[in-house]
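Structure record follows, encoded as structure tokens.
The values are calculated or read from the model by the stated rules, or taken from the named source; none is laboratory data. All figures in this text were calculated on a predicted structure; none of them were measured in a lab. Quick reminder, even Gly has a Cβ in these numbers, built from the backbone with ideal geometry, and neighbours come from all protein chains shown.
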Amino acid sequence: MSETRAFIEDLPKAELHLHLEGTLEPDLKFKLSDRNGIDIPYSSVEEVKASYVFHDLTSFLVGYYDGMSVLIEEQDFYDLAMAYFRKAHSQNIVYAEPFFDPQAHTSRGVPFEAVVTGIHRAQVDAEAELGIKTNLIMCFLRDMSAESAMETLEASLPFRNWIIGVGLDSDERGNPPMKFKDVFARAREEGYHLTMHCDVNQENSVGHIWDAINEIGVERIDHGINSLEDEALIAEIKRRDLALTVCPVSNRYVTGSLTVDEIASMLDKGMRVLINSDDPAYMQAYLNENLVELAEDGNFTREQITQLARNSFLASWTSEEDKGEYLAMVEDYSA
Ligand SMILES: [Zn+2]
């Protein structure tokens with residue numbers, strides 16, 4: 001094992017850009033399809049595995065939404081979340097703020113309550129059994145209407161205490177931040193934290209990031225690599241201390257590169273960048289694999305890797321007291 005890999009594996013970390021639906025491993029997908037009597041076009045775990053090999057966004061989305069179809073009952077969402085928390089724990093992730101996409105389930109007739117209750121039960125058990133703390137972020141699907149997002153926001157209000165913030169994901173093309181201005185304003189009034197995907201190399205990426213900051217008032221940006229194209233934007237992101245949740249392996253599917261240079265540049269400029277795994281079951285790379293590939297490809301120093309871990313906690317929405325404890329863990333480890 002390389003020294004870098006060993007250092008990364010034992011480093012305490014947080015993950016803040018992780019779609020729970022993107023953690024559905026082939027064996028669980030196969031098990032749930034069997035348990036729920038859902039027809040999937042694969043007769044073995046091996047065939048499901050083979051279907052997870054994709055080469056572009058279109059083939060990824062086919063498998064991704066096909067995977068959703070096996071998630072029906074509250075227990076399915078529990079099993080999905082618990083499997084991720086166990087994996088995270090095995091990678092020394094001590095804190096996480098996972099995303100979930102309620103509309104991907106309510107649009108199939110699954111009740112909002114079943115989704116959020118299953119995930120919440122797993123969060124409670126994961127903290128008790130594994131000591132991993134988590135806070136849940138609800139994402140709206142931006143290729144659905146603003147009205148649907150607002151209905152979803154309203155459906156979430158009885159579960160307000162189980163959800164720390166809202167985000168925005170799925171296909172950005174033709175679905176800019178401003179489409180959801182009213183929804184995010186309402187979410188802020190309800191006390192939710194705000195984040196939003198600003199995907200890599202979209203049409204008007206830089207304009208979208210400006211709008212997410214100035215018009216929506218996001219507290220974090222998911223991805224946001226293209227901010228580097230605009231010096232004034234870099235300065236504003238730093239002035240507001242906005243974190244960028246970057247996902248190297250995910251970026252490679254879009255740009256052909258782990259965006260090593262961009263991440264190194266963000267660190268150099270003192271931007272609050274952190275590394276995440278996005279949809280790790282489909283991309284076959286959880287957080288440690290993302291960090292190892294990035295660090296080895298970019299010859300990152302221990303100090304750079306440690307700064308990425310510090311940033312993961314500093315960017316989180318947990319209590320100041322918890323942040324202090326996590327940061328102390330990082331300093332103890334790196335010393
Ligand atoms: Zn994402």
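Overview of results
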{"read-out": "Test for Y52: is it within 16 Å of the ligand (Cβ to nearest atom) and touching a helix residue (DSSP H, G or I) at 6+ places or on another chain (Cβ under 9 Å)", "value": "no"}
{"read-out": "Top-ranked residue in region 1-43 [being farther than 30 Å from L168 by Cα and basic (K, R); ranked as farthest from the ligand (Cβ to nearest atom)]", "value": "R35"}
{"read-out": "Test for Y64: is it buried (at least 19 other Cβ atoms within 10 Å of the Cβ), part of a helix (DSSP H, G or I), aromatic (F, W, Y) and out of contact with any Ser or Thr (no Cβ under 9 Å at 6 or more places or on another chain)", "value": "yes"}
{"read-out": "Test for G256: is it modelled with pLDDT under 95, among the small types (G, A, S) and more than 16 Å from the ligand (Cβ to nearest atom)", "value": "yes"}
{"read-out": "Every pair of residues 6+ apart whose Cβ atoms lie under 9 Å, when the first sits in region 249-264 and is touching a residue at least 12 places away in the same chain (Cβ under 8 Å) and over 17 Å from T306 (Cα atoms) while the second is within 16 Å of the ligand (Cβ to nearest atom) and of a type in the set (K, R)", "value": "L258/R252; T259/R252"}
{"read-out": "Test result for A295, in contact (Cβ under 8 Å) with a residue 60 or more places away in the chain and within 14 Å of the ligand (Cβ to nearest atom)", "value": "no"}
{"read-out": "Test set (1) among the basic types (K, R); (2) surrounded by fewer than 17 Cβ atoms within 10 Å (Cβ to Cβ); (3) closer than 24 Å to S312 by Cα - R173 fails condition number", "value": "(3)"}
{"read-out": "Leading residue by the ranking (nearest to E15 (Cα to Cα)) among those in region 89-104 that are of a type in the set (A, V, I, L, M, F, W, C) and away from the ligand (no atom under 16 Å from the Cβ)", "value": "I93"}
